(Lines give C-alpha, C1' and ligand atoms only; values in the text may rest on other atoms or scores of the structure.)
Protein backbone atom coordinates (compact mmCIF):
# COMPACT_ATOMS: atom_id res chain seq x y z
CA UNK A 1 0.00 0.00 0.00
CA UNK A 2 1.29 3.45 -0.88
CA UNK A 3 0.24 6.53 1.05
CA UNK A 4 -1.70 9.29 -0.64
CA UNK A 5 -0.31 12.82 -0.59
CA UNK A 6 -1.08 14.92 2.47
CA UNK A 7 0.24 17.56 4.82
CA UNK A 8 0.43 15.73 8.14
CA UNK A 9 -0.70 17.52 11.28
CA UNK A 10 2.79 17.28 12.75
CA UNK A 11 4.27 18.93 9.67
CA UNK A 12 1.72 21.73 9.31
CA UNK A 13 2.93 25.33 9.60
CA UNK A 14 1.67 28.86 8.95
CA UNK A 15 -1.83 29.19 7.54
CA UNK A 16 -2.22 25.42 7.26
CA UNK A 17 -1.52 24.95 10.97
CA UNK A 18 -4.02 27.69 11.84
CA UNK A 19 -6.73 26.11 9.71
CA UNK A 20 -5.99 22.69 11.18
CA UNK A 21 -6.55 24.12 14.66
CA UNK A 22 -9.89 25.60 13.58
CA UNK A 23 -10.94 22.29 12.05
CA UNK A 24 -10.24 20.45 15.30
CA UNK A 25 -12.23 23.06 17.23
CA UNK A 26 -15.29 23.24 14.96
CA UNK A 27 -15.47 19.48 14.38
CA UNK A 28 -15.02 18.86 18.14
CA UNK A 29 -12.54 16.07 17.48
CA UNK A 30 -8.81 15.93 18.29
CA UNK A 31 -7.60 15.35 14.72
CA UNK A 32 -7.79 16.66 11.16
CA UNK A 33 -9.34 14.28 8.66
CA UNK A 34 -7.61 13.05 5.54
CA UNK A 35 -9.91 15.20 3.37
CA UNK A 36 -8.34 18.39 4.70
CA UNK A 37 -4.84 16.94 4.91
CA UNK A 38 -5.07 16.17 1.20
CA UNK A 39 -6.51 19.59 0.28
CA UNK A 40 -3.54 21.16 2.08
CA UNK A 41 -1.21 19.70 -0.56
CA UNK A 42 -2.46 22.26 -3.09
CA UNK A 43 -0.87 25.66 -2.31
CA UNK A 44 -3.43 28.13 -1.04
CA UNK A 45 -6.45 25.85 -1.50
CA UNK A 46 -7.20 24.96 2.13
CA UNK A 47 -7.01 28.57 3.44
CA UNK A 48 -9.18 29.68 0.49
CA UNK A 49 -11.81 27.02 1.20
CA UNK A 50 -11.72 27.71 4.94
CA UNK A 51 -12.29 31.44 4.50
CA UNK A 52 -15.47 30.63 2.61
CA UNK A 53 -16.82 27.75 4.73
CA UNK A 54 -15.72 28.89 8.19
CA UNK A 55 -18.85 30.95 9.03
CA UNK A 56 -21.13 27.93 8.59
CA UNK A 57 -18.81 25.72 10.64
CA UNK A 58 -18.05 28.27 13.38
CA UNK A 59 -21.78 28.66 14.02
CA UNK A 60 -22.29 24.89 14.31
CA UNK A 61 -25.02 25.12 11.66
CA UNK A 62 -23.29 22.99 9.02
CA UNK A 63 -22.33 20.24 11.47
CA UNK A 64 -25.80 19.82 12.95
CA UNK A 65 -27.39 19.94 9.51
CA UNK A 66 -25.12 17.04 8.51
CA UNK A 67 -25.52 15.01 11.70
CA UNK A 68 -29.31 15.12 11.70
CA UNK A 69 -29.41 13.69 8.17
CA UNK A 70 -27.56 10.44 8.96
CA UNK A 71 -29.80 7.39 8.56
CA UNK A 72 -28.15 3.96 8.65
CA UNK A 73 -31.37 1.95 9.01
CA UNK A 74 -30.87 0.21 5.64
CA UNK A 75 -27.44 -1.17 6.53
CA UNK A 76 -27.31 -4.75 7.86
CA UNK A 77 -26.03 -5.10 11.43
CA UNK A 78 -22.71 -6.70 12.28
CA UNK A 79 -22.54 -9.77 14.55
CA UNK A 80 -22.54 -8.61 18.18
CA UNK A 81 -19.35 -9.01 20.19
CA UNK A 82 -19.06 -9.92 23.86
CA UNK A 83 -16.25 -8.91 26.18
CA UNK A 84 -14.98 -12.47 25.96
CA UNK A 85 -14.99 -12.44 22.16
CA UNK A 86 -13.14 -9.12 22.15
CA UNK A 87 -10.56 -10.51 24.57
CA UNK A 88 -10.00 -13.35 22.12
CA UNK A 89 -9.37 -10.72 19.43
CA UNK A 90 -6.78 -8.97 21.60
CA UNK A 91 -9.03 -6.14 22.85
CA UNK A 92 -9.05 -5.45 26.60
CA UNK A 93 -11.15 -2.84 28.45
CA UNK A 94 -8.82 0.03 27.62
CA UNK A 95 -8.72 -1.08 23.99
CA UNK A 96 -12.51 -1.21 23.89
CA UNK A 97 -12.70 2.35 25.21
CA UNK A 98 -10.23 3.47 22.54
CA UNK A 99 -12.14 1.69 19.77
CA UNK A 100 -15.34 3.43 20.87
CA UNK A 101 -13.58 6.80 20.69
CA UNK A 102 -12.18 6.03 17.24
CA UNK A 103 -15.58 5.03 15.84
CA UNK A 104 -17.38 7.97 17.45
CA UNK A 105 -14.82 10.34 15.98
CA UNK A 106 -15.34 9.07 12.43
CA UNK A 107 -19.12 8.98 12.87
CA UNK A 108 -18.94 12.63 13.95
CA UNK A 109 -16.55 13.77 11.21
CA UNK A 110 -17.74 11.91 8.12
CA UNK A 111 -21.21 13.48 7.68
CA UNK A 112 -19.71 16.96 8.05
CA UNK A 113 -17.03 16.12 5.49
CA UNK A 114 -19.74 15.04 3.05
CA UNK A 115 -21.38 18.46 3.22
CA UNK A 116 -18.02 20.28 3.12
CA UNK A 117 -16.90 18.25 0.10
CA UNK A 118 -20.18 18.88 -1.73
CA UNK A 119 -19.87 22.60 -1.03
CA UNK A 120 -16.28 22.60 -2.24
CA UNK A 121 -17.29 20.80 -5.43
CA UNK A 122 -19.88 23.50 -6.04
CA UNK A 123 -17.34 26.24 -5.39
CA UNK A 124 -15.03 24.62 -7.94
CA UNK A 125 -17.71 24.74 -10.61
CA UNK A 126 -19.14 21.23 -10.48
CA UNK A 127 -22.81 21.29 -11.38
CA UNK A 128 -24.97 20.35 -8.41
CA UNK A 129 -27.76 17.78 -8.80
CA UNK A 130 -31.33 18.91 -8.39
CA UNK A 131 -32.35 18.65 -4.76
CA UNK A 132 -34.00 20.51 -1.96
CA UNK A 133 -34.46 24.27 -2.18
CA UNK A 134 -32.06 26.16 0.12
CA UNK A 135 -33.26 26.67 3.68
CA UNK A 136 -32.00 29.10 6.35
CA UNK A 137 -29.08 27.83 8.46
CA UNK A 138 -29.73 27.60 12.17
CA UNK A 139 -26.74 28.09 14.53
CA UNK A 140 -26.29 25.27 17.04
CA UNK A 141 -24.01 24.59 19.99
CA UNK A 142 -21.01 22.39 19.33
CA UNK A 143 -20.71 19.14 21.32
CA UNK A 144 -18.00 18.47 23.86
CA UNK A 145 -14.75 17.50 22.11
CA UNK A 146 -14.03 13.80 21.97
CA UNK A 147 -10.87 12.56 23.72
CA UNK A 148 -7.68 11.89 21.73
CA UNK A 149 -7.55 8.81 19.55
CA UNK A 150 -4.65 6.40 19.19
CA UNK A 151 -2.43 7.00 16.19
CA UNK A 152 -2.50 4.86 13.08
CA UNK A 153 -0.75 1.53 13.27
CA UNK A 154 2.81 1.82 11.89
CA UNK A 155 2.99 0.02 8.56
CA UNK A 156 6.48 -1.32 9.28
CA UNK A 157 5.19 -3.23 12.31
CA UNK A 158 2.27 -4.91 10.51
CA UNK A 159 2.21 -8.62 9.87
CA UNK A 160 1.24 -9.96 6.42
CA UNK A 161 -2.14 -10.95 7.89
CA UNK A 162 -2.78 -7.39 9.08
CA UNK A 163 -1.74 -5.98 5.71
CA UNK A 164 -4.09 -8.37 3.96
CA UNK A 165 -6.94 -7.32 6.27
CA UNK A 166 -6.27 -3.65 5.52
CA UNK A 167 -6.25 -4.36 1.80
CA UNK A 168 -9.92 -5.36 2.10
CA UNK A 169 -10.69 -1.68 2.77
CA UNK A 170 -8.40 -0.16 0.13
CA UNK A 171 -9.78 2.34 -2.37
CA UNK A 172 -8.32 5.04 -4.61
CA UNK A 173 -7.87 8.74 -3.83
CA UNK A 174 -6.76 11.08 -6.61
CA UNK A 175 -5.13 8.15 -8.40
CA UNK A 176 -3.31 6.87 -5.31
CA UNK A 177 -3.97 3.89 -3.04
CA UNK A 178 -5.88 4.91 0.07
CA UNK A 179 -7.19 3.09 3.14
CA UNK A 180 -9.64 5.15 5.25
CA UNK A 181 -8.18 6.24 8.56
CA UNK A 182 -10.78 4.34 10.60
CA UNK A 183 -9.26 1.02 9.59
CA UNK A 184 -5.66 2.23 9.73
CA UNK A 185 -6.19 3.08 13.40
CA UNK A 186 -8.13 -0.10 14.18
CA UNK A 187 -5.13 -2.01 12.80
CA UNK A 188 -3.57 -1.37 16.24
CA UNK A 189 -5.72 -4.35 17.26
CA UNK A 190 -4.81 -6.83 14.50
CA UNK A 191 -7.20 -9.53 15.62
CA UNK A 192 -10.08 -7.08 15.71
CA UNK A 193 -9.16 -5.74 12.25
CA UNK A 194 -9.10 -9.26 10.79
CA UNK A 195 -12.55 -9.83 12.30
CA UNK A 196 -13.81 -6.58 10.73
CA UNK A 197 -12.35 -7.46 7.35
CA UNK A 198 -14.29 -10.73 7.43
CA UNK A 199 -17.51 -9.08 8.64
CA UNK A 200 -17.38 -5.86 6.61
CA UNK A 201 -15.51 -7.04 3.52
CA UNK A 202 -18.57 -8.71 1.94
CA UNK A 203 -20.67 -5.59 2.64
CA UNK A 204 -18.19 -3.45 0.71
CA UNK A 205 -18.89 -5.60 -2.36
CA UNK A 206 -22.65 -5.91 -1.86
CA UNK A 207 -24.56 -3.77 -4.40
CA UNK A 208 -27.51 -3.32 -2.01
CA UNK A 209 -25.24 -2.08 0.77
CA UNK A 210 -23.35 0.23 -1.57
CA UNK A 211 -26.68 1.61 -2.81
CA UNK A 212 -27.72 2.24 0.79
CA UNK A 213 -24.46 4.11 1.36
CA UNK A 214 -25.19 6.19 -1.75
CA UNK A 215 -28.58 7.06 -0.26
CA UNK A 216 -26.88 8.12 2.99
CA UNK A 217 -24.58 10.37 0.97
CA UNK A 218 -27.45 11.78 -1.10
CA UNK A 219 -29.47 12.67 1.98
CA UNK A 220 -26.52 14.39 3.66
CA UNK A 221 -25.11 16.23 0.64
CA UNK A 222 -28.57 17.58 -0.17
CA UNK A 223 -27.79 20.10 2.59
CA UNK A 224 -25.00 21.70 0.53
CA UNK A 225 -27.22 24.16 -1.41
CA UNK A 226 -28.48 25.64 1.85
CA UNK A 227 -24.91 26.15 3.05
CA UNK A 228 -23.72 27.66 -0.22
CA UNK A 229 -26.73 29.99 -0.40
CA UNK A 230 -25.99 31.27 3.10
CA UNK A 231 -22.30 31.81 2.35
CA UNK A 232 -22.66 33.61 -0.97
CA UNK A 233 -20.19 33.83 -3.84
CA UNK A 234 -16.44 33.60 -3.07
CA UNK A 235 -14.51 36.86 -3.35
CA UNK A 236 -11.77 35.22 -5.41
CA UNK A 237 -11.40 32.07 -7.54
CA UNK A 238 -9.81 28.91 -6.23
CA UNK A 239 -5.97 28.92 -6.47
CA UNK A 240 -5.90 25.87 -8.72
CA UNK A 241 -4.77 25.10 -12.24
CA UNK A 242 -7.34 23.22 -14.38
CA UNK A 243 -5.58 19.88 -13.92
CA UNK A 244 -5.45 20.44 -10.16
CA UNK A 245 -9.17 21.24 -10.10
CA UNK A 246 -9.82 17.91 -11.84
CA UNK A 247 -7.66 16.09 -9.27
CA UNK A 248 -9.45 17.74 -6.32
CA UNK A 249 -12.87 16.90 -7.78
CA UNK A 250 -11.69 13.31 -8.22
CA UNK A 251 -10.68 13.19 -4.55
CA UNK A 252 -14.06 14.61 -3.56
CA UNK A 253 -15.80 11.84 -5.51
CA UNK A 254 -13.76 9.30 -3.55
CA UNK A 255 -14.80 10.90 -0.27
CA UNK A 256 -18.40 10.75 -1.36
CA UNK A 257 -17.92 6.98 -1.50
CA UNK A 258 -15.93 6.50 1.69
CA UNK A 259 -17.53 9.08 4.00
CA UNK A 260 -21.01 7.51 4.17
CA UNK A 261 -19.26 4.19 4.76
CA UNK A 262 -17.32 5.74 7.66
CA UNK A 263 -20.54 7.12 9.15
CA UNK A 264 -22.50 3.95 8.47
CA UNK A 265 -19.95 1.26 9.25
CA UNK A 266 -18.58 3.23 12.19
CA UNK A 267 -22.10 3.18 13.62
CA UNK A 268 -22.44 -0.54 12.91
CA UNK A 269 -19.16 -1.26 14.72
CA UNK A 270 -20.33 0.75 17.73
CA UNK A 271 -23.63 -1.13 17.83
CA UNK A 272 -21.80 -4.49 17.65
CA UNK A 273 -19.68 -3.69 20.70
CA UNK A 274 -20.88 -4.71 24.18
CA UNK A 275 -23.28 -2.26 25.77
CA UNK A 276 -21.63 0.18 28.12
CA UNK A 277 -22.46 -0.36 31.78
CA UNK A 278 -21.88 1.75 34.84
CA UNK A 279 -19.44 -0.79 36.20
CA UNK A 280 -17.54 -0.85 32.90
CA UNK A 281 -17.30 2.97 32.92
CA UNK A 282 -16.02 2.88 36.51
CA UNK A 283 -13.32 0.39 35.55
CA UNK A 284 -12.31 2.60 32.62
CA UNK A 285 -12.13 5.70 34.83
CA UNK A 286 -10.08 3.83 37.39
CA UNK A 287 -7.71 2.74 34.65
CA UNK A 288 -7.28 6.37 33.53
CA UNK A 289 -6.43 7.82 36.94
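Within 20 Å of residue 9 (Cα to Cα), surrounded by 14 or more Cβ atoms within 10 Å (Cβ to Cβ) and at pLDDT below 95 - does that describe any residue in region 189-206?
No, because not a single residue in region 189-206 is within 20 Å of residue 9 (Cα to Cα), surrounded by 14 or more Cβ atoms within 10 Å (Cβ to Cβ) and at pLDDT below 95.
Among the residues of region 200-224, write down those that are touching a helix residue (DSSP H, G or I) at 6+ places or on another chain (Cβ under 8 Å) and under 30 Å from residue 162 (Cβ atoms).
Across region 200-224, the qualifying residues are 200, 203, 204, 209, 210, 212, 213, 214, 216, 217.
Could you please tell me which pairs satisfy a Cβ distance under 6 Å, a separation of 6+ or placement on different chains, a first residue in region 222-244 that is over 14 Å from residue 43 (Cα atoms), and a second residue that is surrounded by fewer than 16 Cβ atoms within 10 Å (Cβ to Cβ) and modelled with pLDDT under 90?
222/131; 222/132; 225/134; 226/134; 226/135; 229/134
Which one is modelled with the lowest pLDDT among residues in region 254-289 that are in a loop (DSSP other than H, G, I, E, B) and surrounded by 11 or more Cβ atoms within 10 Å (Cβ to Cβ)?
276
Residues checked against (1) touching a residue at least 12 places away in the same chain (Cβ under 8 Å); (2) buried (at least 18 other Cβ atoms within 10 Å of the Cβ); (3) under 16 Å from residue 259 (Cα atoms):
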site: 26; (1), (2), (3): yes, yes, no
site: 43; (1), (2), (3): yes, no, no
site: 46; (1), (2), (3): yes, yes, no
site: 66; (1), (2), (3): yes, yes, yes
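Quick check: is even one residue across region 109-121 surrounded by fewer than 20 Cβ atoms within 10 Å (Cβ to Cβ) and either assigned to a helix (DSSP H, G or I) or free of Cβ contacts under 8 Å to residues at least 60 places away in the same chain (or both)?
Looking through region 109-121, none of the residues is surrounded by fewer than 20 Cβ atoms within 10 Å (Cβ to Cβ) and either assigned to a helix (DSSP H, G or I) or free of Cβ contacts under 8 Å to residues at least 60 places away in the same chain (or both).
So in region 165-187, with the set limited to residues that are modelled with pLDDT under 80 and not in a strand (DSSP E or B), which one is farthest from residue 109 (Cα to Cα)?
Filtering first and then ranking leaves 175.
Counting only residues that are within 23 Å of residue 112 (Cβ to Cβ) and modelled with pLDDT under 95, how many does region 231-244 have?
Total meeting the criteria: 4.
Quick test for you: out of 97, 197, 153, pick the one residue that is free of Cβ contacts under 8 Å to residues at least 60 places away in the same chain and assigned to a helix (DSSP H, G or I).
Answer to the selection: 197.
Let me spell it out: the conditions are (1) surrounded by 15 or more Cβ atoms within 10 Å (Cβ to Cβ); (2) more than 14 Å from the chain's Cα centre (by Cα); (3) touching a residue at least 60 places away in the same chain (Cβ under 8 Å), and residue 251 meets all of them except one. Which number is the exception?
With respect to (1) surrounded by 15 or more Cβ atoms within 10 Å (Cβ to Cβ); (2) more than 14 Å from the chain's Cα centre (by Cα); (3) touching a residue at least 60 places away in the same chain (Cβ under 8 Å), residue 251 is out only on (2).
In region 81-94, what residues are assigned to a loop (DSSP other than H, G, I, E, B) and within 12 Å of residue 195 (Cβ to Cβ)?
Residues satisfying the conditions are 81, 89, 90, 91.
The values are calculated or read from the model by the stated rules, or taken from the named source; none is laboratory data. These numbers were taken from a predicted model, which means no experiment stands behind them. We place every Cβ from the backbone using ideal geometry, glycine too, and count neighbours over all the protein chains shown.
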